[in-house]
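Quick note: the coordinates plus some simple rules give every number you see, no bench work behind them. If you're wondering where the values come from, they're calculated on a predicted model, not measured in any experiment. Quick reminder, even Gly has a Cβ in these numbers, built from the backbone with ideal geometry, and neighbours come from all protein chains shown.
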Amino acid sequence: MQATESSTGVRHDVKGVAELLKSANSGALLVVDAITGLGTTHFDVDAWGVDIMIGGSQKAVMIPPGLSYLSVSQRAWEAMETSLNPRYYFDLRKERKNAKNGESAYTPAVALIAALGAALDYIAAQGGGDLAAGRKALVDNAETCAAMTRAAVDALGLKLFAPDAPAAVATAVLPPAGVDSGVIVKDLKSRFAAVITNGQGEMKGQIFRIAHIGFFDYMDTIAIVGALEQVAASALKLPGFEFGKALAAAQKAYVEQTTKAASETLEAVGAR
């Protein structure tokens, strides 16, 4: 399953699915594509019972595409020993064997690994040098920017594509009835050099998507909301539109999210 889907802005219930598999006691392995989920969603891989979780370098760690990384449970390692599926390049047992010696089974993307090291240093710095704290800060930032954007969208009178399960990697928004979402994408880029994305495939023209992953922060979100207000006023002519309403909603969401994150951090420190 996927953790989150950037093309639709949907977050899937990984914990819930893991609990269902545990209760069913079927022996099935849970493999999670968390390429956009890692760094935007809080996971407890071991406690939930996720057998394999996969990430990608081009998302929350903010470096070029080309690296994937994953966690593997003991159950998954054992399943590899009895599986009859043919494999060669993607035989994780080879990688595990070589990793013990600090090597890879095949020629690695050395430049990307160096870039990953720099990215992890940056993330750790967000947590005062502690990588786990930095990871939490990275996820909390994405959740905050996403909450700000959702609040702004609601204040504008627009609708979310996935209101009941919104992801923090990106927010997918429905344009007003009769408006091609490409109009909004192009207007933001031509007037403000602000880059958001159209829908993909059959969703092209049906939604526009605003990212919150990695380095995107409070100021980026405020800027995009302000630019979206300008587009709403000139190109969309939304009924009842009022300048500053979306920005005010985003500001309030920021306060609520950061207060919540600070409280959770204090609770975690107290528990330790």
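If packing is taken as the average number of other Cβ atoms within 10 Å across a peptide's residues, how do 79-86, 132-139, 54-61 rank, most packed first?
Sorting 79-86, 132-139, 54-61 by mean packing, highest first, produces 54-61, 132-139, 79-86.
Tell me, what is the percent relative contact order of the chain, built from C-alpha pairs under 8 Å that lie six or more residues apart?
Values: 419 pairs, mean separation 50.7, N = 272.
Computed value for the chain: 19 percent relative contact order.
Pairs of Cα atoms under 8 Å, at least six residues apart: use those to get the relative contact order of segment 189-258, whole percent. Don't skip to the answer; put the middle values down first.
Working: 39 pairs, mean separation 15.1, N = 70.
Once divided by the residue count of segment 189-258, the mean separation gives 22 percent.
Taking the Cα atoms only, what angle lies between the long axis of helix 245-271 and the longest principal axis of the chain, rounded to 10 degrees?
Between helix and principal axis, roughly 30 degrees.
At a 10 Å Cβ-Cβ cut-off, how would you order 212, 42, 12, fewest neighbours first? Before the final figure, lay out the partial values.
On the way: 212 25, 42 13, 12 18.
Least crowded to most crowded, the residues run 42, 12, 212.
Using alpha-carbon positions, what is the distance between the centroids of segment 194-272 and segment 104-118, in Å?
34 Å
Would segment 131-271 count as rounded, prolate or oblate if I go by the C-alpha gyration tensor, calling it rounded below 1.5 in a/c and otherwise prolate when a/b exceeds b/c, oblate otherwise?
On the way: a/c = 2.18, a/b = 1.80, b/c = 1.21.
Prolate, since a/c reaches 1.5 and a/b exceeds b/c.
Considering only the other residues whose Cβ falls under 12 Å of the Cβ of residue 93, what net charge follows from Lys and Arg at +1 and Asp and Glu at -1?
+1
Taking K and R as +1 and D and E as -1, what net charge do the other residues with C-beta under 13 Å from the C-beta of residue 120 add up to? Walk me through the numbers on the way to the answer.
Values: positive: 135; negative: 121, 130.
Surrounding charge for residue 120 is -1.
Report the relative contact order of segment 131-271, percent, no decimals, based on alpha-carbon pairs under 8 angstrom and at least 6 residues apart.
Working: 190 pairs, mean separation 44.1, N = 141.
About 31 percent, as a whole number.
Compute the signed sum of charges (Lys and Arg +1, Asp and Glu -1) over the other residues within less than 11 Å, Cβ to Cβ, of residue 231.
Details: positive: 186, 189, 191, 237; negative: 187, 229.
Once all neighbours under 11 Å are counted, the net charge is +2.
Using mean projected area of the Cα convex hull in nm² as the read-out, say which of (1) 15.7; (2) 17.4; (3) 20.2 was calculated from these coordinates.
Looking at mean projected area of the Cα convex hull in nm² for this model, the match is (2).
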